[in-house]
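The values are calculated or read from the model by the stated rules, or taken from the named source; none is laboratory data. Since the structure is predicted, the reported quantities are computational estimates derived from the model, not experimental observations. Glycine gets a Cβ as well: all are built from the backbone with ideal geometry, and neighbour counts include every protein chain shown. Note: areas computed on protein heavy atoms with side chains; ligands, DNA, RNA excluded. Shrake-Rupley method; radii C 1.70, N 1.55, O 1.52, S 1.80 Å.
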Amino acid sequence: MGIDFLIIGGGIAGASAGYALAEHGNVTVLEMEDQPGYHSTGRSAAQYVELYGNRIVRALVRLSREFLASPPDGFTEHPILSPRGALFVATEAQQPHIDELLAMASAAAYPVEQLDPAGACAVVPVLRADAFHTAVFERASMDIDVHALHQGYLSELAARGGTLVVGAEVGSLTRDGGKWRAKTPAEEFTAPVVVDAAGAWADRIAELAGVESVGLTPKRRTVILFDPPKGAEIDAWPLVIDAAEEWYFKPDAGKILGSPADETPVEPQDVQAEELDVALAVDRIERATTMKVESISHRRAGLRTFAPDKTPVVGFAPGVEGFFWLAGQGGYGIETAPALARAAASLIVDGALPAAFLEEGLEAGDLGPGRLV
């Protein structure tokens, strides 16, 4: 049996698209590493937050909510979402960020609470009341079990007859006889449609295919894990995030996960945490709280890849038959994966977005690569 859809990249984008497309034909997913999701998906501490990102991203998050909250029977043994609110804190100088959050919430009739410093400290006792001016509490925000979601997609891809091939870095990608031909160290694969879901490497895959770049920029994001204060009951703490996104922290399996929210442009690579970014995370969290980071049990960095307008790139390359972009998810890839997979499958198979996307005010051009090339 021939391959109908060849997907390059086995992270959350490729796995979810493979799952969606496997209902319409034979799918093969090529992953260059021995472990799918190694560079970005597997290093994500994702949270479902509706008040995050631009208009298009927020719509994609809303469109993903139903799948994340109630995945199909057998998709996973554990819930994908679990309670974990989001508390945005701001200094007086950061008030415009709070005003923007409140305006977004009001426009979407989305419930939030504005808190004074005392109210925020009642929610997260380690916050310093003199370190900020106001806060917005999004109680409906949720933790996302990234592993459960990613593995669910891969398992259901296999159940639908799809194939995942690891250790299959694409060395060349050419069009011949109405099909794309991808050469890997293992073997050669051909299909009429290729989906570029290669994350930080997506522009490089396009270059192999002779497709014009959309200007993707991989950016490093650093996180650390450290012990909470002795005796602190942290399980119910929300994600706490600086309104200007200069730091954040949240509980994670009995530890505190913190970050300086860095976005350092880097070349695609197996990125590692830099000492300066680790030090920034410690300094910013200690300035905002009474916590002392005495020992870091783990540090890591991952890649978040952005298009110039910080909107995902989803659609066929202009003037290039059968080359489909699914890239540039940035820091929103996990919480938008269900919607983007659905959009990709619909655009590839039917040539249009699903009706639900149009009802959210989205058009194919909002996502398509034509806006960038």
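If the requirement is being open to solvent by less than 50 Å² (accessible area, probe 1.4 Å), in contact (Cβ under 8 Å) with a residue 24 or more places away in the chain and either closer than 16 Å to Leu154 by Cα or out of contact with any His (no Cβ under 8 Å at 6 or more places or on another chain) (or both), which of these qualifies: Ala90, Ala120, Ala108? Please lay out each step first, then the result.
Details: Ala90 fails: either closer than 16 Å to Leu154 by Cα or out of contact with any His (no Cβ under 8 Å at 6 or more places or on another chain) (or both); Ala108 fails: open to solvent by less than 50 Å² (accessible area, probe 1.4 Å).
Answer to the selection: Ala120.
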Failed item in (1) on the phi < 0 side of the Ramachandran plot; (2) open to solvent by less than 60 Å² (accessible area, probe 1.4 Å); (3) not polar (S, T, N, Q), with Leu164 passing the rest: (2)
Residue list for region 266-279, filter: open to solvent by less than 60 Å² (accessible area, probe 1.4 Å) and either within 30 Å of Ala202 (Cα to Cα) or under 23 Å from the mean Cα position of the chain (by Cα) (or both): Val266, Pro268, Val271, Ala273, Asp277, Val278
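Tally time: how many residues in region 239-296 are part of a strand (DSSP E or B) and under 25 Å from Pro218 (Cβ atoms)?
Taking region 239-296 as the starting set, the residues that turn out to be part of a strand (DSSP E or B) are 239-242, 248-252, 255-259, 264-265, 289, 296.
Then drop every residue that is not under 25 Å from Pro218 (Cβ atoms), which leaves 239, 241-242, 248-250, 252, 257-259, 264-265, 296.
Going through region 239-296 one residue at a time, the tally reaches 13.
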Selection within region 133-149 - closer than 16 Å to Ala90 by Cα and open to solvent by 20 Å² or more (accessible area, probe 1.4 Å): His133
Scan of region 69-122 for residues that are in contact with a Pro (Cβ under 7 Å, 6 or more places away or on another chain) and not in a loop (DSSP other than H, G, I, E, B), ordered by number: Ala86, Leu87
Enumerated helices (runs of 4 or more DSSP H) restricted to region 326-372, each holding at least 2 residues that are of a type in the set (Ser, Thr, Tyr) and open to solvent by less than 20 Å² (accessible area, probe 1.4 Å): 333-349
Among (1) within 18 Å of Val195 (Cβ to Cβ); (2) part of a helix (DSSP H, G or I) - the single one Ala59 does not satisfy: (1)
Extreme residue, surrounded by the most Cβ atoms within 10 Å (Cβ to Cβ), among residues of region 20-37 that are under 16 Å from Gln329 (Cβ atoms) and touching a Gly at 6+ places or on another chain (Cβ under 9 Å): Gly37
